[in-house]
Amino acid sequence: MLMSPVEFFRNLPEKVCPECGQQIEEQAESYFMECDHCLSKKGE
C-alpha cells in the first residue's frame, strides 16, 4: 500500500548538521546542510 505524501514527510528524520551534530531547523528554500553556527564559522 502506498503511503500518503503527508505521512511520508512527517516520517522523514530530522535534519542534523554534519559538522557539530546539532538538529537544524528546517526552512523553506534553504539547501544548506550545516547549522547557522557552523556556517558562520566558515565565513571567518
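None of the figures in this text is laboratory data; all of them are computed from the coordinates on show. Everything numeric in this text was worked out from a predicted model, so none of it was measured.
Run through every distinct alpha carbon pair of the chain and return the Kirkwood hydrodynamic radius in angstroms, one decimal place.
It works out to 12.2 Å.
Which length gain, in nm to one decimal place, applies between V6 and L39 when the Cα-Cα distance is subtracted from 0.36 nm times their residue separation?
Gain on stretching V6 to L39: 8.8 nm.
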